[in-house]
Amino acid sequence: MRPRLFGAAASVAALALLGSLVTACGSSPAGGGPTLRLVAAEYGDSPETSSKAYWDKLTAAFTAAHPGTKVEVTLYPWADVDREVARMVGENNPPDVALMGAYSDFAAQGRLYPANELLSIGAEANFLPPLAEAGSIDNTLYGLPFVASSRLLFYNKDLFGKAGAEPPKTWTDLKEAAEALKEEGVRFPYALPLGPEEAHAEALIWQLSNGGGYTDDSGLYDIASERNTETFRWIKDNLVEPALTGPVPPAQLNRQDAFDAFLRGQVGMVNGYPSLLHKARAKGMKVGTLSMPVSDRVNDGETPLAAGVADWMMAFKRDDNRELVGSFLEFVYEDKNLTEFADRYHLLPSTVTATQASQDAAADPSVEQFLSALRTAQLYPVNDPSWLQVSNTIKRNIGKAVAPTADPKAVLEDIAQQARDVAAQN
């Protein structure tokens, strides 16, 4: 699983740029001092937005403060970074530090340093609790959350105004708004991206809004639970079959396609994150943001958790690299450095102090909504070593649960059995 926050792959322009960005990984500079090798995902989608500028500035500042050291940065598109790091590990030549979408399989192999061997007590304690929990295995932090996002429901205020629709608070409200939008001729009244790019995110948002999720209270996979089955049956009966999700079957609609349609003014409602809001407002769109509407069975006063996503820093054990890696990570997680990256890509920082700094600087109430949701968000079960395979199974199959001839319970039970089989192998 890549709980990533941008497209499944870099654009053609970004891919062309990578040839000049990527530096060869080495063990020491010509002068004989220590070299830290960082492999990171490319967050930009063009030469202008490439992450290279950020890492150039940060590593220059770090090496200036640590004379004799060097930092070599290799950037890969999101579609490639997990595979490339796994290849390096398989060749017994891992980087010192990686920034990517999954960490737990490497932790399970004993390849990673725990945070308490790298960071000061204050730095380790500074991570937002939901993120620190997701980054921990057996109460030991291995995956250091870097940037994160929560999800909110976006709605096009102009389309809602024309349709006479009201911002929804419950599933019934959402259905009624979608019906009004359809009557007004909106192409996608509610965009439901259950295509293979990021179906596991959309599915989790809906499951949480009905008190469900991917795991039970003990942390075991519970994908075919009664609540989850009820959720997908409601979506199928109330949104998909009445054609309130648009002309593209949900299993074929990817997140980026849904976002692009939203930015074209063709979508009434879609679940999104801060960078989409920034793009929409840059286009002059009037966008409202809400917590995901809840199932009508949810009791008054009960607030289901929002869905959260994070990307992970991890430090690989290599001979004599612990001190250098620890110094580098302490520097990376200084408020000014972390906030600069988060602001660059309109994401949320992962620490308490950087989040507070962002909150103090934010005049936009919508940004505060995302920050508030993140503080208590439910993340994917990324601390389970089987999640990478399980999430791929979910992404490929969960859209089938709302197909016209599908039995949602049968589809979820099939996914759940595959998840149990994978978990048993780990």
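The values are calculated or read from the model by the stated rules, or taken from the named source; none is laboratory data. Quantities reported herein were computed from a predicted structural model and do not represent experimental measurements. Note: ideal-geometry Cβ built from the backbone for every residue, glycine included; neighbour counts use all protein chains shown. Each accessible area value is taken on the protein alone, full model and side chains, heavy atoms only, with ligands, DNA and RNA left out. Shrake-Rupley method; radii C 1.70, N 1.55, O 1.52, S 1.80 Å.
I'd like the full set of residues that are part of a helix (DSSP H, G or I), buried (at least 18 other Cβ atoms within 10 Å of the Cβ) and not hydroxyl-bearing (Ser, Thr, Tyr), limited to region 45-79.
Lys52, Trp55, Leu58, Phe62, Trp78 - these are the residues of region 45-79 that are part of a helix (DSSP H, G or I), buried (at least 18 other Cβ atoms within 10 Å of the Cβ) and not hydroxyl-bearing (Ser, Thr, Tyr).
On the basis of being open to solvent by 10 Å² or more (accessible area, probe 1.4 Å) and closer than 19 Å to Gln378 by Cβ, does Ala102 make the cut?
When the stated conditions are applied, Ala102 passes them.
Within region 244-270, how many residues turn out to be among the basic types (Lys, Arg) and modelled with pLDDT under 95?
Result for region 244-270: 1.
From (1) without any contact (Cβ under 8 Å) to a residue 40 or more places away in the chain; (2) under 15 Å from Leu153 (Cα atoms), pick out the condition that doesn't hold for Asn299.
Asn299 satisfies all of (1) without any contact (Cβ under 8 Å) to a residue 40 or more places away in the chain; (2) under 15 Å from Leu153 (Cα atoms) except (2).
If I filter region 279-310 down to residues being closer than 12 Å to Thr170 by Cα and polar (S, T, N, Q), which single residue comes out as least open to solvent (accessible area, probe 1.4 Å)?
Per the stated criteria, the residue is Ser295.
Pick out the one residue from Val85, Val97, Val39 that is β-branched (Val, Ile, Thr), surrounded by 23 or more Cβ atoms within 10 Å (Cβ to Cβ) and touching a Ser or Thr at 6+ places or on another chain (Cβ under 6 Å). Reasoning before the result, please.
Details: Val85 fails: touching a Ser or Thr at 6+ places or on another chain (Cβ under 6 Å); Val97 fails: touching a Ser or Thr at 6+ places or on another chain (Cβ under 6 Å).
Exactly one of Val85, Val97, Val39 is β-branched (Val, Ile, Thr), surrounded by 23 or more Cβ atoms within 10 Å (Cβ to Cβ) and touching a Ser or Thr at 6+ places or on another chain (Cβ under 6 Å), namely Val39.
If the requirement is being in contact with a Phe, Trp or Tyr (Cβ under 6 Å, 6 or more places away or on another chain) and either open to solvent by 10 Å² or more (accessible area, probe 1.4 Å) or hydroxyl-bearing (Ser, Thr, Tyr) (or both), which of these qualifies: Tyr273, Tyr345?
Criteria check complete, one pass: Tyr345.
Name the single residue, out of those in region 348-386 being modelled with pLDDT of 90 or more, under 23 Å from Ala102 (Cα atoms) and part of a helix (DSSP H, G or I), that is most open to solvent (accessible area, probe 1.4 Å).
Among those residues, the one meeting the criterion is Val352.
Given (1) modelled with pLDDT of 95 or more; (2) more than 21 Å from the chain's Cα centre (by Cα), where does Tyr214 come up short, assuming only one miss?
Among (1) modelled with pLDDT of 95 or more; (2) more than 21 Å from the chain's Cα centre (by Cα), the lone unmet condition for Tyr214 is (2).
Let me spell it out: the conditions are (1) modelled with pLDDT under 95; (2) open to solvent by less than 10 Å² (accessible area, probe 1.4 Å), and Val325 meets all of them except one. Which number is the exception?
Every listed condition holds for Val325 apart from (1).
Tell me which residues, restricted to region 404-426, are open to solvent by less than 80 Å² (accessible area, probe 1.4 Å) and in contact with a Ser or Thr (Cβ under 8 Å, 6 or more places away or on another chain).
Within region 404-426, Pro408, Leu412, Ile415, Gln418, Ala419, Val422, Ala423 meet the criteria.
Can you pull out every residue in region 387-426 that is outside any helix (DSSP H, G or I) and free of Cβ contacts under 8 Å to residues at least 12 places away in the same chain?
Start the filter on region 387-426 by keeping residues that are outside any helix (DSSP H, G or I), which leaves 403-407, 426.
Of everything in region 387-426, those that are outside any helix (DSSP H, G or I) and free of Cβ contacts under 8 Å to residues at least 12 places away in the same chain turn out to be Thr405, Asp407.
Please go through region 305-330 and give me each residue that is under 24 Å from the mean Cα position of the chain (by Cα) and aliphatic (A, V, I, L, M), ordered by number.
Leu305, Ala306, Ala307, Val309, Ala310, Met313, Met314, Ala315, Leu329
Just for region 246-264: of the residues that are in contact (Cβ under 8 Å) with a residue 60 or more places away in the chain and under 15 Å from Ala178 (Cα atoms), which one is most open to solvent (accessible area, probe 1.4 Å)?
Pro247
Out of the residues in region 333-347 meeting the condition of being of a type outside the set (D, E, K, R) and outside any helix (DSSP H, G or I), tell me which one is nearest to Gly308 (Cα to Cα).
Quick first cut of region 333-347, residues of a type outside the set (D, E, K, R) only: 333, 337-339, 341-342, 345-347.
Next cut, outside any helix (DSSP H, G or I) only: 333, 345-347.
Details: Tyr333: 20, Tyr345: 16, His346: 15, Leu347: 12 Å.
So, considering only residues that are of a type outside the set (D, E, K, R) and outside any helix (DSSP H, G or I), the one nearest to Gly308 (Cα to Cα) is Leu347.
May I ask you to verify whether Ala165 is open to solvent by 10 Å² or more (accessible area, probe 1.4 Å) and either closer than 20 Å to Leu276 by Cα or small (Gly, Ala, Ser) (or both)?
On the way: open to solvent by 10 Å² or more (accessible area, probe 1.4 Å): yes; either closer than 20 Å to Leu276 by Cα or small (Gly, Ala, Ser) (or both): yes.
Yes.
Does Gly211 qualify as being under 30 Å from Ala315 (Cα atoms), out of contact with any Phe, Trp or Tyr (no Cβ under 8 Å at 6 or more places or on another chain) and open to solvent by less than 60 Å² (accessible area, probe 1.4 Å)?
In short, no.
When region 115-140 is examined, which residues are found to be assigned to a strand (DSSP E or B), farther than 15 Å from Val332 by Cβ and not polar (S, T, N, Q)?
If the condition is that a residue be assigned to a strand (DSSP E or B), farther than 15 Å from Val332 by Cβ and not polar (S, T, N, Q), then Ile137 is the only one that fits.
Note down all Cβ pairs under 6 Å where the first residue falls in region 189-212 and is free of Cβ contacts under 8 Å to residues at least 40 places away in the same chain, the second is open to solvent by 10 Å² or more (accessible area, probe 1.4 Å) and not in a loop (DSSP other than H, G, I, E, B), and they're at least six residues apart or on different chains.
Listed by first residue and then by second, the contacts come to Gly212/Arg227.
For the condition more than 30 Å from Trp206 (Cα to Cα) and modelled with pLDDT of 95 or more, what is the one hit in Leu159, Leu153, Leu99, Leu119?
Leu119
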